Amino acid sequence: MLANREMEQINSEALKALQFERLHKTLEWAYSKSSFYRNKFDESECDPKQFESLTDIEKFPFTLSKELQQVSAMDLLTLPLSGVARISLWEHPQPTVHMYTINDIAANVEMTSRVLTAAGVSRASIVGLLGDMADSGLFDAQQALEAIGAAAVPLSTDYERTLKLLEAAHVDTIIGSARRILRLVIQLQASGLEISNFPLHKILCLNETLQNPLKMHLKKRTGTEVYDLFSSAEFGCIGMFFQCEGHVGQHIQQDYFYPEIVAFGGNEVIHEFNCMGELVLTTLTAEAMPLIRYRTGQAVMITDEPCTCGRTFMRIITPMSNF
């Protein structure tokens, strides 16, 4: 199933044109509205007006994790607080405040809708959201579920409450961090229950990295299909990439993010497909807090090989993509 067939099956030339338009706008917006990026671009003698092709992005400086840790959210913010529609705190890997405009929220919900649909969530699904609903990612998931027409069941972090809802709502899908889901499995066993006794068919794991070391363990413990979602504090969303039914890598939401692969320990951009390097991402539509050439520290390679699901978005492959 596809949530947005026109975009998820867009041809490469149309996608490149869209990326160029959005990337040019993002560079100009960040330079004119963000003190952080205005200083970075000036120091590197980079002018967004000289951006004439997609590869020109390589002339702009990288954004590093340590830089973001040394500045406040207000340094990255591109508009007054009166234009902010949501403020959230992402706690992992370190506490990070993220702000959103109403358009940022709409983009996150659209991306999450694609993620859920690719995992087989439909109008008939009953989806439990395991965690603190102050989590912006889970809040986006709830809105996406409502847009799809699926039933959303906030399970919270309280075990007794979660158990009652699991029993009463007949939840068939759970979204939450791998640690929370594993803890739930252990708590159920301690109460003399097995999660396999519930009508659970699939799990969507929110991970702080692209690789989920608990994936195989969860599959064995729960007997369900497990999909991984990258829950990024820096980007403030959970829908950047998604797994389809093929489970070979993760599709990149290329209309919202521009990916690059950079040589480990260096600045050289690797243009060839299927070569391992560090994933670098630039937001294409983020209004409140755009990120330009953020070095994620994630080891991946990009493949443009056709996917069995029919989507034309490229996929990122990690060393554990086949597990």
- Query: Of all residues in the stretch 119-147, which are assigned to a helix (DSSP H, G or I) and under 14 Å from the mean Cα position of the chain (by Cα)?
  - Reply: Ser136, Gly137, Leu138, Phe139, Asp140, Ala141, Ala144
- Message: Looking at the stretch 103-120 only, could you name the residues that are open to solvent by 10 Å² or more (accessible area, probe 1.4 Å), closer than 15 Å to Phe313 by Cβ and not hydroxyl-bearing (Ser, Thr, Tyr)?
- Response: Glu110
- Message: If the requirement is being over 29 Å from Val97 (Cα atoms) and open to solvent by 10 Å² or more (accessible area, probe 1.4 Å), which of these qualifies: Gln211, Gln189, Gln142?
- Response: Gln189
- Item | Unique match (being among the hydrophobic types (A, V, I, L, M, F, W, C), open to solvent by 60 Å² or more (accessible area, probe 1.4 Å) and either within 20 Å of Val115 (Cα to Cα) or modelled with pLDDT under 95 (or both)) among Phe242, Phe323, Phe230, Phe235 | Phe323
- Task: Could you please give the count of residues in the stretch 145-179 that are surrounded by fewer than 20 Cβ atoms within 10 Å (Cβ to Cβ), in contact (Cβ under 8 Å) with a residue 40 or more places away in the chain and among the small types (Gly, Ala, Ser)?
- Result: 1
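Residues are listed down the side, and each one gets a yes or a no for (1) closer than 23 Å to Leu229 by Cβ; (2) exposed (fewer than 12 other Cβ atoms within 10 Å of the Cβ); (3) at pLDDT below 95; (4) not basic (Lys, Arg):
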site	(1), (2), (3), (4)
Ser65	yes, no, yes, yes
Thr78	no, no, no, yes
Ile87	yes, no, no, yes
Tyr100	yes, no, no, yes
- Message: Criterion first (touching a residue at least 24 places away in the same chain (Cβ under 8 Å), surrounded by 18 or more Cβ atoms within 10 Å (Cβ to Cβ) and farther than 27 Å from Asn11 by Cβ) does Leu218 satisfy it?
- Response: yes
- Query: Could we say that Leu200 is open to solvent by less than 50 Å² (accessible area, probe 1.4 Å), in a loop (DSSP other than H, G, I, E, B) and either charged (D, E, K, R) or more than 19 Å from His92 (Cβ to Cβ) (or both) here?
  - Reply: yes
- Task: Run Leu182 past the list (1) under 19 Å from Leu138 (Cβ atoms); (2) crowded, with 18+ Cβ neighbours inside 10 Å and report the number of the one that doesn't hold.
- Result: (2)
- Query: Of the residues in the stretch 89-98, how many are open to solvent by less than 40 Å² (accessible area, probe 1.4 Å) and free of Cβ contacts under 8 Å to residues at least 60 places away in the same chain?
  - Reply: 0
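The values are calculated or read from the model by the stated rules, or taken from the named source; none is laboratory data. From a predicted model like this one, the values you see are computed outputs, not experimental measurements. FYI the Cβ positions are ideal-geometry reconstructions off the backbone, even for glycines, and counts take in every protein chain you see. Ligands, DNA and RNA are stripped out before the accessible areas are found, and what is left, the full protein with its side chains, is counted by its heavy atoms. Shrake-Rupley method; radii C 1.70, N 1.55, O 1.52, S 1.80 Å.
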